[in-house]
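The values are calculated or read from the model by the stated rules, or taken from the named source; none is laboratory data. The model shown is predicted, which means the values in this text are computed figures rather than measured ones. As a convention, Cβ positions derive from the backbone with ideal geometry for all residues, glycine included, and neighbour counts pool all protein chains shown. These accessible areas exclude ligands, DNA and RNA; they are computed on the full protein's heavy atoms, side chains included. Shrake-Rupley method; radii C 1.70, N 1.55, O 1.52, S 1.80 Å.
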Amino acid sequence: MEKTLPPVGKLWLVGAGPGDPDLLTLRAVRLLASADLVVHDGLVGDGVLALISPHVERISVAKQRSRHTMKQELINELLVREALTGKQVVRLKGGDPFIFGRGGEELDAARDAGVACEVVPGITAAMGCAAQAGLPLTHRDDASAVSFVAGQCKDLSDQDWSGLAGHGRTLVIYMGIATASAIADKLIADGVSPELPVAVIERGTTVDARVLRTLLADLGDLVTREAVKSPALIIVGKVAARADALDCLGAPGVAEKLGNFI
Ligand code: SAH
């Protein structure tokens, strides 16, 4: 008697890049056309979502800072359950799945359930946004180290950022807009120069992108004055002066001081 094999599903953790659909990998594009189900979050832009074949089922699990439409545990359960029914499940995540994307937790959930899982890297926001702004994250004259840090945490004083910003370093802060002022105060209290250049990149790589430059001491005011909204990145370091950006003219002396860095 012929045996029926159970359907074999698979989970793909796919990076969608920072917004511009042209920055997707070829593998991501192929998977968006051939998957059975795409589960995506709110960071994934409309241009990328438009590449999902109309025959492919899709579920949004968009999250916001203070409101989770679906808890991570429920997302993990959903991904595993659907893959176990035999579907090719694409979990589409903004940027790279393993940079502040909780992709590691989804991979663990798949492994625990015995579901095959493959990761497709994406261009993380730091790289995409910096490239678009003409801001080299490293530069032989200015920075030989880069750090990616999450700025969204209840108590910044719990975090040890010493040595991440300052001479020869570039610090890229994800999810830091709500705490920008506290971040600047903390860095300055740790001994970082208040006159270090900073770039803020909002909705980088999209048609609505805004790139602003200022000095560390003015960061909190800049975010308020310009009503900067998430998703946005804060880049602290000498290289930020090289960004092709609008200077924050509202703060006296900023443009001249930034000019001195280049
Ligand atoms: N996995 C994502 C990061 C998720 S955390 C990645 O690799 O890029 C979400 C944070 O990423 C946002 O708060 C913001 O700081 C940053 N971000 C994502 N897309 C962005 C964009 N297009 N422009 C600026 N910042 C972005």
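Out of 78, 164, 222, any idea which swings most in a Gaussian network model of the chain, alpha carbons joined below 10 Å?
78
Could you sort 165-176, 89-100 so that the peptide with the highest average Cβ count within 10 Å comes first and the rest follow in order?
Working: 165-176: 21.7, 89-100: 24.9.
Final packing ranking: 89-100, 165-176.
Once the dipole of the stretch 10-120 is set up with Lys and Arg at +1 and Asp and Glu at -1 on Cβ about the Cα centre, which of 104, 74, 120 lies farthest towards its positive end?
Selected residue: 74.
What is the packing order of peptides 115-122, 156-163, taking the mean over residues of other C-beta atoms within 10 Å and listing the highest first?
Values: 115-122: 19.2, 156-163: 12.1.
Per-residue mean Cβ counts within 10 Å order the peptides as 115-122, 156-163.
If R0 is 25 Å, what FRET efficiency do you get for residue 102 and residue 59 from their C-beta distance, rounded to 0.05?
Numbers: r = 16 Å, r/R0 = 0.65.
Efficiency at R0 = 25 Å is approximately 0.95.
Taking only Cα atoms and a 10 Å spring cutoff, compute GNM fluctuations for the chain and point out the largest among 109, 199, 50.
Among 109, 199, 50, the largest GNM mean-square fluctuation belongs to 50.
So between residue 50 and residue 152, what do we pick up on full extension, going 0.36 nm a residue minus the alpha carbon distance? Please list the in-between numbers first.
Details: separation 102, 0.36 × 102 = 36.72 nm, distance 2.99 nm.
Using 0.36 nm per residue and subtracting the Cα-Cα distance, I get 33.7 nm.
State, as an integer percentage, the relative contact order of the chain based on alpha-carbon contacts under 8 Å between residues 6 or more apart.
On the way: 551 pairs, mean separation 48.7, N = 262.
Relative contact order, the chain: 19 percent.
Give me the accessible area per residue for the chain, probe 1.4 Å, as a whole number in Å².
For the chain, the solvent-accessible area averages 50 Å² per residue.
Which residue, 229, 186, 71, tops the fluctuation ranking in a GNM of the chain built on C-alpha contacts under 10 Å?
71
In terms of the Cα gyration tensor, with a ≥ b ≥ c the square roots of its eigenvalues, is the stretch 1-126 rounded because a/c is under 1.5, prolate because a/b exceeds b/c, or oblate? Working shown, then result.
Details: a/c = 1.84, a/b = 1.40, b/c = 1.31.
Note, shape of the stretch 1-126 comes out prolate.
Can you tell which of 201, 191, 32 lies farthest toward the positive end of the dipole of the chain, using +1 and -1 charges on the Cβ of basic and acidic side chains (Lys, Arg; Asp, Glu)?
Sorting the options by dipole projection puts first 32.
Considering only 56, 260, 13, whose Cα is most displaced toward the positive end of the charge dipole of the chain, charges sitting on Cβ of Lys, Arg (+1) and Asp, Glu (-1)?
Sorting the options by dipole projection puts first 56.
In the chain, what percent of the accessible surface is made up of carbon and sulfur (1.4 Å probe, ligands and nucleic acids excluded)?
Details: 7020 of 13210 Å².
Roughly 53 percent of what the probe reaches on the chain is carbon or sulfur.
Please give the Cα centre distance for the stretch 168-187 versus the stretch 196-216, rounded to the nearest Å.
Here the answer is 13 Å between Cα centres.
Using 0.36 nm times the number of residues separating residue 141 and residue 30, minus their current alpha carbon distance, what extension gain do you get? Show your work: numbers first, answer last.
Numbers: separation 111, 0.36 × 111 = 39.96 nm, distance 4.01 nm.
Contour length minus the Cα-Cα distance gives 36.0 nm.
Note down the magnitude of the dipole of the chain about its Cα centre, charges +1 on Lys and Arg C-beta and -1 on Asp and Glu C-beta and zero elsewhere, to the nearest 20 debye. List each step's numbers first, then the result.
On the way: 27 positive and 32 negative charges, 81 e Å.
That gives the chain a dipole magnitude of about 380 debye.
Before rounding to the nearest 500, sum -39500 (n - 2.57) across all DSSP H runs of length at least 4 in the chain and divide by the residue total; then give [θ] at 222 nm in deg cm²/dmol. Intermediate results must be reported in sequence, preceding the final value.
On the way: 8 runs with 67 residues, N = 262.
Mean residue ellipticity at 222 nm (helix-derived): -7000 deg cm²/dmol.
Calculate, in nm to one decimal, what residue 261 and residue 160 gain on full extension: separation in residues at 0.36 nm each, minus their alpha carbon distance. Spell out each step's value before the answer.
Values: separation 101, 0.36 × 101 = 36.36 nm, distance 2.70 nm.
Full extension from residue 261 to residue 160 adds 33.7 nm.
Among the lysines in the chain, how many pairs, 8 or more places apart or on different chains, have alpha carbons under 28 Å apart?
Here the count comes out as 25.
So how strong a dipole does the stretch 129-241 carry about its Cα centre when Lys and Arg Cβ are +1 and Asp and Glu Cβ are -1, to the nearest 20 debye? Don't skip to the end; give the middle numbers.
Numbers: 10 positive and 13 negative charges, 62 e Å.
Here the stretch 129-241 has a charge dipole of around 300 debye.
Run the dipole for the stretch 10-120 about the Cα centre, Lys and Arg Cβ at +1, Asp and Glu Cβ at -1, nothing else charged, and hand back the magnitude in debye, nearest 20.
The calculation lands at about 120 debye.
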